[in-house]
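Beneath this line is the structure, given in structure tokens, with notes to follow.
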Amino acid sequence: MKNYPINEIKNKRLLGRNVSGGICKDNAVRLFWAGSTLEVNVKAREIWAEISCNYDVHEIWIAVEVNGFQTSRFIAPKRPTWICLARNINPEKENLISIIKDTQPMSGDVLHELKISALRLDDDGLFCDLQPHACKIEFIGDSITSGEGLAGKPDEMDWITQWFCASKTYAAQLAKKMNADWSTISQCGWGLCWGWDGDVTSAIPLYYNQVCGVLNGEQQQAMGTCDALSYGGGAEYVILNLGTNDNSGFKSQDDGKGVDGVAGKAIVAEVKRFLGEIRKNNPHAKIIWTWGMISIDIVPSLIIKGVKEYITESKDKDVYTLELESMEKLEKTEEDKGSRGHPGPITHKKAAERIFDFIKTL
């Protein structure tokens, strides 16, 4: 077996928001947001990874895929540990190996980190070139985009990371359908203007221009979490699935006038402002604002109003709205449903299909 420090492997691909160049100051790779991925293409009989993590309460789960299909899922070890990703695979053909962070970053946990230091191949193993993807997609969302509820029985209601599967979300599925590089910024319970409980600090746009600013402990900042994110040329598509928690927290912000009051005006104004910020970082993207996988009653009209006003004022014609099918409509059996009252597999599958079909019309 041969060991390869991760910073010395040229043929690798990092998906997801990351520090400039993808390598932290200690020469290791970190995966920050839900769905963030390290990929290599190998001709080898076996491949191992040296992985470690840290956390206070909520453990970090990892999914491993071989050629796009999940082969294992496990808790990342706290101590640096060599973990077998694949063994006795055909060394005569190229095999795409993906290490995916299934768990979202836990804001407030100053220890939270997932680190990959090295890879190991059998003596004859080779790292091969990776086929470039066709496009790039940025996803902006909440617990749905983080994959909450995509593991466990429907009646599981404990808020634990075991029930998060970012590798199986509509976002992951759409990225595969479109052969795309993809990244997410998503937090359970957070929204556009406030969180599910009306907390105005639980707003995704506050951290949009940082690598992963929700992790702001001293050691995390040393990894580059609060660094400004380099967008490069930006994405071809930006998919927002944001507003479900604003809907839940609306009452706590309402002045009694509903959508015509302070809370409604705040959402419309922030839709417009945030779209401008997204456009600045993604000058050529088709921007699609979606909702509906969990039924909401107040916010959709405000999103539509904000998008229409933004288009009128900015003359930006590449912004769209799209309602997705709800879990209430689609999920009939236990196999369809997710845990913690969140969308299950069929709702995520249908969302990916609906967005994919919509993009084909643009």
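The values are calculated or read from the model by the stated rules, or taken from the named source; none is laboratory data. This structure is a prediction, so every number in the text was calculated from the model and none was measured. Quick reminder, even Gly has a Cβ in these numbers, built from the backbone with ideal geometry, and neighbours come from all protein chains shown. What goes into the accessible areas is simple: the full protein's heavy atoms, side chains included, and nothing from ligands, DNA or RNA. Shrake-Rupley method; radii C 1.70, N 1.55, O 1.52, S 1.80 Å.
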_I'm checking my understanding of the structure. Among residues of region 158-193 that are touching a Phe, Trp or Tyr at 6+ places or on another chain (Cβ under 9 Å) and part of a loop (DSSP other than H, G, I, E, B), which one is farthest from H348 (Cα to Cα)?_
L192
_Candidate set from region 1-28 (those that are among the small types (G, A, S) and open to solvent by 50 Å² or more (accessible area, probe 1.4 Å)); member that is nearest to D123 (Cα to Cα)_ = G21
*Could you list, in sequence order, the residues of region 109-123 that are in contact with a helix residue (DSSP H, G or I) (Cβ under 9 Å, 6 or more places away or on another chain), in a loop (DSSP other than H, G, I, E, B) and either among the β-branched types (V, I, T) or surrounded by fewer than 17 Cβ atoms within 10 Å (Cβ to Cβ) (or both)?*
V110, L111
*Scan region 279-304 and report the pairs whose first residue is of a type in the set (K, R) and whose second residue is outside any loop (DSSP other than H, G, I, E, B), with Cβ atoms within less than 6 Å and a gap of 6+ or a chain change.*
K286/Y237
_Filter pass, K153 being surrounded by fewer than 20 Cβ atoms within 10 Å (Cβ to Cβ), in contact (Cβ under 8 Å) with a residue 24 or more places away in the chain, assigned to a loop (DSSP other than H, G, I, E, B) and in contact with a strand residue (DSSP E or B) (Cβ under 8 Å, 6 or more places away or on another chain)_ = no
*When you go through I355, I288, I296 one by one, which is the residue that is under 30 Å from S230 (Cα atoms) and not in a helix (DSSP H, G or I)?*
I288
*Filtered residue count, region 129-150, keeping only those that are under 26 Å from T81 (Cβ atoms) and either surrounded by fewer than 18 Cβ atoms within 10 Å (Cβ to Cβ) or among the aromatic types (F, W, Y) (or both)*: 1
*Filter result for the condition that a residue is of a type outside the set (A, V, I, L, M), farther than 30 Å from G195 by Cα, in contact with an Asp or Glu (Cβ under 9 Å, 6 or more places away or on another chain) and modelled with pLDDT of 95 or more, over C84, C53*: C84
*Restricting attention to region 53-108, report how many residues are surrounded by fewer than 17 Cβ atoms within 10 Å (Cβ to Cβ), within 22 Å of R13 (Cβ to Cβ) and of a type in the set (G, A, S).*
2
*Given I303, I298, which one is modelled with pLDDT of 95 or more and open to solvent by 20 Å² or more (accessible area, probe 1.4 Å)?*
I298
_Residue identified as touching a strand residue (DSSP E or B) at 6+ places or on another chain (Cβ under 9 Å), part of a strand (DSSP E or B) and of a type in the set (A, V, I, L, M) among V42, V19_ = V42
*Would you say G264 is in a helix (DSSP H, G or I) and modelled with pLDDT of 95 or more?*
yes
_assigned to a strand (DSSP E or B) and in contact (Cβ under 8 Å) with a residue 40 or more places away in the chain: is that true of Q70 in this structure?_
yes
*Mind checking whether some residue in region 124-137 is modelled with pLDDT of 95 or more, in a strand (DSSP E or B), in contact with a Cys (Cβ under 7 Å, 6 or more places away or on another chain) and of a type outside the set (F, W, Y)?*
no
*What number of residues within region 260-295 are open to solvent by less than 10 Å² (accessible area, probe 1.4 Å) and within 22 Å of the chain's Cα centre (by Cα)?*
12
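When you scan region 1-16, do you find a residue that is among the β-branched types (V, I, T) and part of a strand (DSSP E or B), even just one? Explain how you work it out, then say what you get.
Within region 1-16, the first condition is being among the β-branched types (V, I, T), and the residues that meet it are 6, 9.
From the residues that got through so far, the ones that are part of a strand (DSSP E or B) too are none.
Scanning region 1-16, I find no residue that is among the β-branched types (V, I, T) and part of a strand (DSSP E or B), so the answer is no.
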*For G232, which of the numbered conditions (1) in contact (Cβ under 8 Å) with a residue 60 or more places away in the chain; (2) open to solvent by 20 Å² or more (accessible area, probe 1.4 Å); (3) closer than 16 Å to Y208 by Cβ fails to hold?*
(1)
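In region 227-245, which residue that is aliphatic (A, V, I, L, M) and assigned to a loop (DSSP other than H, G, I, E, B) is farthest from G292 (Cα to Cα)?
So, considering only residues that are aliphatic (A, V, I, L, M) and assigned to a loop (DSSP other than H, G, I, E, B), the one farthest from G292 (Cα to Cα) is L229.
Taking K251, is it assigned to a helix (DSSP H, G or I), out of contact with any Leu (no Cβ under 9 Å at 6 or more places or on another chain) and without any contact (Cβ under 8 Å) to a residue 24 or more places away in the chain?
Numbers: assigned to a helix (DSSP H, G or I): yes; out of contact with any Leu (no Cβ under 9 Å at 6 or more places or on another chain): yes; without any contact (Cβ under 8 Å) to a residue 24 or more places away in the chain: no.
Judged against the criteria, K251 is not a match.
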*Give the residue that is farthest from N245 (Cα to Cα), with candidates limited to residues of region 317-344 that are surrounded by fewer than 19 Cβ atoms within 10 Å (Cβ to Cβ) and under 22 Å from the mean Cα position of the chain (by Cα).*
D336
